[in-house]
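First up is the structure itself, then whatever we jot down about it.
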Amino acid sequence: MSDCLFCKIIAGDIPSQKVYEDADMLAFKDIRPSAPVHILLIPKKHIASLQDLSSDDAALMGKLMLAVPKIAYDNGLSNGFKTQINTGVGGGQEVFHLHIHIMGRPS
Ligand code: AMP
Ligand code: ZN
């Protein structure tokens, strides 16, 4: 989607500090970290929020969830981490491209 900030990051039109990438997803450092490690994990497919998922997205969402602990571990969060998905205006979502916050303090 041309006016989506995170689609622009995926396309390389806006720089990011990538920590993981494969065919389905991208993970990069949050620009305003609220924890010593704060990573955003996004699907490369533009999905606005959890409210916009369809059953076609089940496998993709499974891949994202399986990647979360790996990305956390690889970024120093071997002792555990927090995850957050803000959904919709009422959920405090600011960027309408589905993203999983992965946050923690390296142990
Ligand atoms: P949310 O409130 O869940 O939509 O979170 C959006 C997140 O995107 C916030 O934590 C922002 O700090 C982060 N963010 C916004 N712009 C960028 C950017 N260009 N690069 C990395 N993170 C960003
Ligand atoms: Zn997008």
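The values are calculated or read from the model by the stated rules, or taken from the named source; none is laboratory data. Here the structure is a predicted model, which means the values were calculated and not measured. Backbone-built Cβ (ideal geometry, glycine too); neighbour counts: all protein chains shown. Side chains are part of the model used for accessible areas, which takes the heavy atoms of the whole protein and leaves out ligands, DNA and RNA. Shrake-Rupley method; radii C 1.70, N 1.55, O 1.52, S 1.80 Å.
Atom-type composition of the exposed protein surface of the range 5-104 places 53 percent of the accessible area on carbon and sulfur (1.4 angstrom probe). In the chain, helical runs assigned H by DSSP with n ≥ 4 each contribute -39500 (n - 2.57); averaged across all residues and rounded to the nearest 500, the mean residue ellipticity at 222 nm is -7000 deg cm²/dmol. The residues of the chain expose, per residue, 58 Å² of accessible area to a 1.4 Å probe. At full extension, residue 34 and residue 21 could sit 2.4 nm farther apart than now, given 0.36 nm per residue minus the alpha carbon distance. The angle separating the long axis of helix 58-74 from the principal Cα axis of greatest extent in the chain is about 30 degrees.
For the range 58-107, trypsin sites (Lys or Arg not before Pro) are listed when DSSP marks them as loop and at most 10 other Cβ atoms sit within 10 Å of their Cβ; the list is empty.
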